[in-house]
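A short worksheet on the structure shown next.
The values are calculated or read from the model by the stated rules, or taken from the named source; none is laboratory data. Keep in mind that what you see is a predicted model, and the values were worked out from it rather than measured. We place every Cβ from the backbone using ideal geometry, glycine too, and count neighbours over all the protein chains shown. Ligands, DNA and RNA are stripped out before the accessible areas are found, and what is left, the full protein with its side chains, is counted by its heavy atoms. Shrake-Rupley method; radii C 1.70, N 1.55, O 1.52, S 1.80 Å.
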Protein chains: 2
Amino acid sequence: MSADSPHLGILGGGQLAQMLALAALPLGVRVTVLEPDAQAPARLCATHLHAPYTDAAGLDALAACDAVTLEFENVPVEALTALEGRVPVRPGRGLLERSKHRAREKEALRAAGAQTAPFMVIETGTDLDGALERVGGQGILKTSELGYDGKGQARVSDTAGLRVAWDELGRVPCVLEGLVQFRREVSLAVARGPDGALAFGPLTQNVHRDGILRTSLFLEGDPHEAQAREIAGRVAQAWALEGLMTLEFFQLPGGELLVNEVAPRVHNSGHLTQDGGGVSQFEAQVRAVLGLPLADWRPLHPCAMVNIIGIEGPDGQNLGPDWAGIDALPGTRLHLYHKAWRAGRKLGHVNLVAADEATLRERLAILEEFIP
Amino acid sequence: MSADSPHLGILGGGQLAQMLALAALPLGVRVTVLEPDAQAPARLCATHLHAPYTDAAGLDALAACDAVTLEFENVPVEALTALEGRVPVRPGRGLLERSKHRAREKEALRAAGAQTAPFMVIETGTDLDGALERVGGQGILKTSELGYDGKGQARVSDTAGLRVAWDELGRVPCVLEGLVQFRREVSLAVARGPDGALAFGPLTQNVHRDGILRTSLFLEGDPHEAQAREIAGRVAQAWALEGLMTLEFFQLPGGELLVNEVAPRVHNSGHLTQDGGGVSQFEAQVRAVLGLPLADWRPLHPCAMVNIIGIEGPDGQNLGPDWAGIDALPGTRLHLYHKAWRAGRKLGHVNLVAADEATLRERLAILEEFIP
């Protein structure tokens, strides 16, 4: 950190960019986002270049920043090309292209020595033959690109079903992942500075609902954190990460961690770091991208997060949370994104803190009742 | 809290407004500030009405908000008059006029049953006769209005010196306060909603240097917190506070608390609430002003704050902090205001957290070495 005012550019202006900007300002960092949506959440706390991601003037403005990062991996390649050689983009193009393509990502994870579920790359109809058997007889077919929050995927348990699923996904390149019987889903983020220094976030336990993250939980002293750090650190070094990335894992009944997905950025499962008394994942990404000093970021006490997702009631009405209940429950911290309501949309999250695990679990059970 | 997007107006756009806006956004609250300085810190995270406080169009825009608050008490009375009856201004005009006038404030504190140091109101030359004896023989002469951070005051120990001091202060209305031998300075904030509900911040211990706050410290279980809460609650009720105000106290050797000053807003001594794992004073003010549910806001673990003030070195250069040292010290949280450097100016602060008091004190001793 210096007394100068570094300037961070962000491709994208959604809630992750909003929270990156909110974390950057107190560090003395100015933020500019390039984002085509006039109502994007980050407009409220950053200079908003209201233009397509490929807009030449917008990219020129980002190129004048000290460094550029992103809040989503599906940045058009033209944007990255236009910035190349003019400003450090962190993470860099190679890592981004890998992490937005499931097949390449899994191959690169294995090359780095991390384990994944069994998978088969499906590019042509003949790739379907025998694929399901080779991944263990049951699987999930996922498009290689552009899938998120459970979109672009289908569960299959026989070859006929696999063929139907591939047709329905439009016969685009896919990955067939073997279905893993896991004990729990956990995640952990790693940051790596341009100097190669590594730092880690906490291990969180995650529960999904309908393919979207519902709850994350941080408890002190998780016995599998060391294993997750070891894997994340190895991948970050092998991929020459500059910035922050989050690894989602399946933990097998024997304790072993398989990498499920990698996001080259802050992640919904790390939002609880905003209120745990430690540095947040957003500050960690800002620091890593700008080459500021890094240290492990972890909560000082147990904490959790529950997502607020737009839920449509039986009569089409917005089934919102019980706001009064949330406000009255000790330890809740509200984070709303200033987005218009839409069914299935992430509208905000509630972080929850407590001095000890038992109190946190009691409060979390109540909080989950308040959020449909 | 509701799913609607409340709109908060703020008179002033300095660092307090900036931090109010940073706390308001995650609550789903939009913020507009009226502030004549083009480079004001709050411009980075709020809609900035760049105009004088008495600008008609600017005041119209504030009048369209759900409520208006302020970050400093010396708001021109014309601005308050223009808003009257159009939008709730919290705290209200009566309380503001009292808290920007030392004599009226002290009289109103006593009327509410709070104790203050002995004082004499000095409005004419004849008020000086015998005044020093009546406050105990030594005192501090302070202008009734517009003094802050040690400006507009002089220490006096005889009547000749008192006359000189009054001349130097321009013979404006003053208060002569008796010098109090105190054991420590502490402060505590109280918030009161429009419904009369009260909530309190933590008791902090404060150390000043050259009339400006240098360090604040929060430790769990301070035996004098109950007394401070009782006084603050009594004054808030008597003054019909709507919003948040901070009381600064002198603690006498016997333990008794005298009220030194009242700020009708968040206060530098409460900045440590940003990183203690609890709700911050900024969120508390936003909630109180908008009539959102309130609860006591207090850190979950020991924490402290050290101000970063512009210090001019012997050759006129900027003696900045040791940024690398601050970054390397565990538990530091940086808050920079994006203000140009000037000697004597508050440029930012560093909050410090630790899991226990002993660790906090060790780290604080090191941190103080890093900040000149």
Can you list the copy-to-copy distances for B:Ala111, using a point 7 angstrom from Cα toward Cβ, in nanometres, shortest first?
7.8
Distance from the Cα centre of the stretch B:40-79 to that of the stretch A:261-303, in angstrom?
34
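Note down the net charge around A:Gly331, summing +1 for each Lys or Arg and -1 for each Asp or Glu among other residues with Cβ under 14 Å from its Cβ.
That works out to -4.
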Accessible-area ranking of B:Tyr337, A:Tyr53, largest first, probe 1.4 Å
A:Tyr53, B:Tyr337
State whether chain B is rounded, prolate or oblate according to the following rule on the C-alpha gyration tensor (a ≥ b ≥ c being the square roots of its eigenvalues): a/c under 1.5 gives rounded; otherwise a/b larger than b/c gives prolate, and the remaining case gives oblate.
rounded
On a straight-distance basis, which aspartates and glutamates could pair with A:Lys106 in a cross-link, Cα separation under 16 angstrom, same-chain partners fewer than 8 positions away excluded?
A:Glu73, A:Glu97, A:Glu123, A:Glu145, A:Glu177, A:Glu248, A:Glu261
For B:Asp158, inter-copy label distances in nm, listed shortest first [label point 7 Å out on the Cα-Cβ vector]:
10.8
Value of relative contact order over chain B, rounded to a whole percent, pairs C-alpha under 8 Å and six or more apart
14
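Restricting things to alpha carbons, find the Rg to Rh ratio for the stretch B:7-89 using the Kirkwood radius for Rh.
Values: Rg = 11.2 Å, Rh = 12.2 Å.
Value, to two decimals: 0.92.
Relative to 2.2 N^0.38 Å, what does the C-alpha radius of gyration of the protein assembly as shown come to as a ratio? Two decimals please.
Working: Rg = 28.3 Å, N = 744, 2.2 N^0.38 = 27.1 Å.
Here the answer is 1.04, to two decimals.
Quick one: net charge of A:Thr215's neighbours, Cβ under 10 Å, K/R +1, D/E -1? Mind dumping the intermediate values first?
Values: positive: A:Arg209, A:Arg214; negative: A:Glu368.
Neighbour charge sum, excluding A:Thr215 itself: +1.
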All-pairs Cα distance distribution in the stretch B:39-183, expressed in whole percent, bin size 5 Å
2, 9, 16, 17, 14, 12, 10, 9, 7, 4, 1
Helix by helix, which DSSP H runs in chain B go 15 Å or more along their axis at the Cα atoms and have an average Kyte-Doolittle hydropathy of -1.0 or more?
B:225-238, B:357-370
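May I have the convex hull volume per residue, in Å³, for the Cα set of the stretch B:320-372?
Measuring per residue, one finds 76 Å³ for the Cα hull of the stretch B:320-372.
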Hey, which lysines would be in cross-link range of A:Lys346, C-alpha to C-alpha under 26 Å, not counting anything within fewer than 8 residues on its own chain?
A:Lys100, A:Lys142, A:Lys151
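Note down, for the stretch A:184-370, the three equivalent ellipsoid semi-axes (square root of 5 times each alpha carbon gyration tensor eigenvalue), biggest first, whole angstrom. Walk me through the intermediate numbers first.
Working: eigenvalues 166, 62, 55 Å².
Values for the stretch A:184-370, descending: 29, 18, 17 Å.
Looking at the stretch A:112-178, which trypsin sites (Lys or Arg not before Pro) are in a loop (DSSP not H, G, I, E or B) and have at most 14 other Cβ atoms within 10 Å? Write down the numbers at each step before the final one.
On the way: sites: A:Arg134, A:Lys142, A:Lys151, A:Arg155, A:Arg163, A:Arg171; in loops: A:Lys151, A:Arg171.
Qualifying residues, ordered by number: A:Lys151, A:Arg171.
Count charges around A:Leu27 for me, please; just the other residues with Cβ under 11 Å from its Cβ, Lys/Arg as +1, Asp/Glu as -1.
Numbers: positive: A:Arg30, A:Arg287, B:Arg333; negative: A:Glu283, B:Asp327.
Local net charge: +1.
Out of all DSSP beta bridges with both ends in chain A, state the antiparallel percent to the nearest 5.
On the way: 56 of 70 bridges.
Counting DSSP beta bridges with both partners in chain A, the antiparallel share is about 80 percent.
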Free-standing Cys, the protein assembly as shown [no other Cys Cβ under 4.7 Å]:
A:Cys65, A:Cys174, A:Cys303, B:Cys65, B:Cys174, B:Cys303
Across the identical copies, how the A:Pro330 labels are spaced - nm, sorted shortest first, 7 Å along Cα→Cβ
2.7
Radius of gyration and Dmax for the stretch A:118-178's Cα atoms, expressed in Å?
9.9, 28
Helix-only mean residue ellipticity at 222 nm for chain B, each DSSP H run of n ≥ 4 adding -39500 (n - 2.57), per residue, nearest 500
-7500 deg cm²/dmol
Selected from B:Leu352, B:Leu25, A:Ala61, residue furthest toward positive end of dipole (the protein assembly as shown; charges at beta carbon)
A:Ala61
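So how strong a dipole does the stretch B:184-370 carry about its Cα centre when Lys and Arg Cβ are +1 and Asp and Glu Cβ are -1, to the nearest 20 debye?
Values: 16 positive and 23 negative charges, 101 e Å.
For this selection, approximately 480 debye.
Give the residue list of chymotrypsin sites (Phe, Trp or Tyr not before Pro) in the stretch B:126-200 that are DSSP loop and have at most 15 other beta-carbon atoms within 10 angstrom.
On the way: sites: B:Tyr148, B:Trp166, B:Phe182, B:Phe200; in loops: B:Tyr148, B:Phe182.
Passing sites in the stretch B:126-200 are B:Tyr148.
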How would B:Ile10, B:Ile212 line up by accessible area, probe 1.4 Å, largest first?
B:Ile212, B:Ile10
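Taking 51 Å as R0, compute the FRET efficiency from the Cβ-Cβ separation of A:Asp195 and A:Gln138 and round it to 0.05. Before the final figure, lay out the partial values.
Values: r = 45 Å, r/R0 = 0.87.
After rounding to 0.05, the efficiency reads 0.70.
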In angstroms, what radius of gyration and Dmax does the stretch B:159-294 have, counting Cα atoms only?
16.6, 54
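Calculate the mean, over all residues of peptide B:321-334, of how many other protein chain Cβ atoms lie within 10 angstrom of the residue's Cβ. If you can, show how the numbers build up before the last one.
Details: counts 2, 0, 7, 3, 0, 2, 7, 2, 1, 2, 5, 3, 7, 6.
For peptide B:321-334, the averaged partner shielding equals 3.
Relative contact order of the stretch A:118-178: what whole-number percent is it, with Cα pairs under 8 angstrom and at least 6 residues apart?
Details: 111 pairs, mean separation 29.9, N = 61.
It comes to 49 percent, rounded to a whole number.
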